[in-house]
Amino acid sequence: RFDNRQLLIKLLDPLGFELKEAANGLEAIAIWEEWEPHLIWMDMRMPVMNGYEAVKSIKSTTKGEATAIIALSASVLEEERSFVLSAGCDDFVRKPFREEVLFEKMAQHLGVRYIYEENVESQSPPEEISLSVLESALRQMPRQWVVNLHNATLEGDVRVVTEAIAQIPPSLSALQTTLSNWVNQYQFEEILELTGLIIDN
């Protein structure tokens, strides 16, 4: 998905990695053949040619064996992990993904190390709102809206998630601010946990 590609680029570009993006499996193979990257983040659901076919094509070559491929999938089924690994992927990350998980996987497969900048400015941390207060606010939104937000988060569709948050009325500004902060900080699991409280009841 375009949103997922943009999210990855937003995360990785400031760190100095050389990046190229592909809209489908055929483009991924063409870029890999020309560019020979060290690592590929492969979305398993793509148009024209899906990730499974692209991975099998790349890994069927000697050159492809030297390229680490990490699958990105929104599936919550444990069987999905087995499928992508048997297709030739070296690792698996579920969407929506956490920033720290991406960095950990890249360190594992590329051997990179990160130097973290210390924040010397003393800033007061934003006041945290309890989960019960957020749940109470969320229950004031239509149930279908909550379901749509939950599903869009599962799919990693940042655009739809952002548009949904923008629909929250001013009277629930604390909920809107918290959800927006979670999106900006890639804390999608918190959104799923919160919306799950409504959907599961």
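The table for this structure:
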| read-out | value |
| --- | --- |
| Space enclosed by the convex hull of the alpha-carbon atoms of the chain, per residue, Å³ | 134 |
| Aspartates and glutamates with Cα under 13 Å of residue 10, excluding same-chain neighbours fewer than 8 positions away | 18, 21, 99 |
| Projected label distance in nm at residue 197 and residue 130, using a 7 Å step from Cα toward the beta-carbon | 1.0 |
| Calculated [θ] (222 nm, deg cm²/dmol) that DSSP helices of n ≥ 4 give over the chain, each run adding -39,500 (n - 2.57) | -16500 deg cm²/dmol |
| Gain in span if fully extended, residue 185 to residue 63, counting 0.36 nm per residue against the direct Cα distance | 40.3 nm |
| Cα gyration tensor shape of segment 131-199, rounded if a/c is under 1.5, else prolate or oblate by comparing a/b with b/c | rounded |
| Inter-label distance for residue 100 and residue 79, nm, one decimal - labels placed 7 Å from Cα along Cα-to-Cβ | 3.3 |
| Relative packing of peptides 164-174, 179-189, 87-97 - highest average C-beta neighbours within 10 Å first | 87-97, 179-189, 164-174 |
| GNM top mover of 40, 29, 129 - the chain, alpha-carbon springs below 10 Å | 129 |
| Segment 14-83 - Rg and Dmax from Cα coordinates, angstrom | 12.2, 35 |
| Highest-MSF residue in the chain out of 45, 98, 143 [GNM, Cα springs under 10 Å] | 143 |
| Inter-label distance for residue 12 and residue 115, nm, one decimal - labels placed 7 Å from Cα along Cα-to-Cβ | 2.2 |
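No lab work stands behind these numbers, since they all come straight from the coordinates. Because the structure is predicted, anything quoted here is derived from the model rather than measured. Cβ coordinates were reconstructed from backbone atoms using ideal geometry, including for glycine residues, and neighbour counts include every protein chain displayed.
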